[in-house]
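Okay, so here's the structure we're looking at.
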Amino acid sequence: MASGYSAWLKEQFAMPRATSHWDWLTASGYGVPANEGNQAGFDATMWRQLVSDPGQLRQRVGMALLDILVVGIGGLVSSFKQFTMAAYVDALLDNAFGNYRDILNAATFSPAMAMFLTYMGNRKANPTTGAQPDENYARELLQLFTLGTQLLAPDGTPKSTNLAASETFTVADVSGLARVFTGLNWASNVSATTERTRLPLQMNAALHETGASSFLGTTVSGEGMAAIKAALDTIFAHPNLPPFVSRQLIQKLVTSNPSPAYVARVSAVFTDNGAGVRGDMKAVITAILLDADARSAASLASTTTGRLRAPILRLTAWARAFKAGSPSDAWGFGDTSSVTNALGQSPGRSPSVFNFYRPGYTPPATSVAQAGLVAPEFQLTNEQSVIGYVNYMQKVVGKGMGDVTADYADMLAIAADSSALVTEVNLLLAAGQLSPASTSMIKTAVDSVSATASNGPINRVGIAILLTLAAPEFLVVK
């Protein structure tokens, strides 16, 4: 980062992917018959990359994409779920610096998505039984992954307050689009091995709706794959897609309530990167992270800027700040979904296609609601999750988790100097943004333990880190 923000972004964009999730599972021996019916290895590889991959920006963007184009491993119904989900996350990470059109293609032909949204083996209409094509993917593709429900201006604001007049799509559009996604199925019938879990879906012409399909004011036809390509091209060209996707990416990377002008600037880059390319993720990410609203002192001082740090990111912040490692490569955090005993969130384990939290969520009866703002990550926040988080982090900070432990050598070297210790922890975890009041309280707590007592230094370090992890200035990212 010493080279400057733009140079750092270019370094991150140029960084090759670490060992993929799928390849790591294979190399680690998880693809054996004994694991055919379980999820062994999935949490380990997810935490492995989130904590240790030098390509930190790819990980952050990949997880933002997983929050938008949601699949959760718990919704998969196949053998080797861990490999199927790993292949999907790999596809998002592979394309994180590519083009959003390619991301839509990868998601559409992913076995994980097809199982999660129930279009694996989706059949054409049956006039005899009256059965109709499954509409799940068609609906969520439009509603959650690309367009949203309301027509938007380029700055992301609704074009009209008349909801009926500003609907992005209708029930008929969903039914028409659902015809297109009939016939997709596994590329192989061999379920006893892992190979098919990363192969793109293939078309079974016998199951596919023939003839024209109409939606969003257009009609596509042709054989199954050609129809899908035409459909995705149509959706990708829709004017709603740039502001809808740009706003969500800003929310997940910078701030929950981006100004219309901020969304408009990023949306314009999404529409055209300056070289006539639509959906260029590198250009979009650069526009988001280098925008004045993301970096200026005025934004930092604004009470409407920032977002609640999601629980997964709180853990990875600690792990990266203190160089956590897993000597055995087991990455023993496991499933951290428990609200009472862990984080209340775990990577790749969303319970539904609506993610752990909705982008438009507003905590009721709060000043946030009174101000007309949203606070998506607060959907995970309640009395249980607050206590559960602190209790969990107390264990992690103190003893690690499994064989995952931190390197506190640099902190121990300054443990006797509470001011230096608190200042360094503040810098590493909260970018130096702890308030004087928080700093004073943490310093007082650190000083309550003698530096010369038995285990005094390590206890002082633990107190400084844990209390910073619980401080509002750490929890709200600016």
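The values are calculated or read from the model by the stated rules, or taken from the named source; none is laboratory data. The model shown is predicted, which means the values in this text are computed figures rather than measured ones. A quick note on method: Cβ atoms are made from the backbone with ideal geometry, for glycine too, and the neighbour counts reach across all protein chains shown. The area values use the complete protein model at the heavy-atom level, side chains included, leaving out ligands, DNA and RNA. Shrake-Rupley method; radii C 1.70, N 1.55, O 1.52, S 1.80 Å.
Quick notes
- Taking every C-alpha pair closer than 8 Å and separated by at least 6 residues, the mean separation divided by the residue count of the chain gives a relative contact order of 14 percent.
- Probe 1.4 Å, accessible area per residue of the chain, Å²: 41
- Neighbourhood net charge (10 Å Cβ-Cβ; Lys/Arg +1, Asp/Glu -1) for Ser188: 0
- Between helix 5-14 and the chain there is an angle of about 60 degrees, using the helix long axis and the longest principal axis of the Cα atoms.
- Distance between the C-alpha centres of the stretch 157-228 and the stretch 383-447: 49 Å, rounded to the whole angstrom.
- You can think of it this way: the chain between Ala420 and Glu167 has 85.5 nm of extra reach, that is 0.36 nm per residue less the Cα-Cα gap.
- Gyration tensor (alpha-carbon) shape descriptor, the stretch 177-259, a/c threshold 1.5: oblate
- Rounded FRET efficiency, nearest 0.05, which uses the C-beta distance separating Lys159 from Ala453 and R0 of 60 Å: 0.40
- Rough spin-label spacing in nm, given labels placed 7 Å along Cα→Cβ, for Thr118 and Trp8: 4.5
- Applying D = kT/(6 pi eta Rh) to the chain, where Rh is the Kirkwood radius over alpha-carbon pairs, T corresponds to 4 °C and eta to 1.567 mPa s, the Stokes-Einstein value obtained is 54 µm²/s.
- The number of Lys pairs in the chain with C-alpha atoms less than 19 Å apart, excluding pairs fewer than 8 positions apart on the same chain, is 6.
- Residue-by-residue Karplus 3J(HN,Hα) for the stretch 254-271, coefficients 6.51, -1.76, 1.60, Hz, glycine and proline x: 10, 8, 6, 10, x, 5, x, 5, 4, 4, 4, 5, 6, 4, 5, 5, 4, 5
- MRE, 222 nm, helices only [DSSP H, n ≥ 4, -39500 (n - 2.57), over the chain, to nearest 500]: -13500 deg cm²/dmol
- Taking label points 7 Å from Cα along the Cα-to-Cβ direction, Asp410 and Ala275 give a separation of 3.6 nm.
- Separation of alpha-carbon centers, the stretch 249-295 and the stretch 1-55, rounded to whole Å: 26
- Relative contact order (percent, whole number), the stretch 333-478, Cα cutoff 8 Å, 6+ residue spacing: 19
- In Hz, Karplus ³J(HN,Hα) per residue of the stretch 37-49 (6.51, -1.76, 1.60; θ = phi - 60°; x = Gly, Pro): x, 10, 10, 3, x, 5, 4, 4, 6, 5, 5, 3, 6
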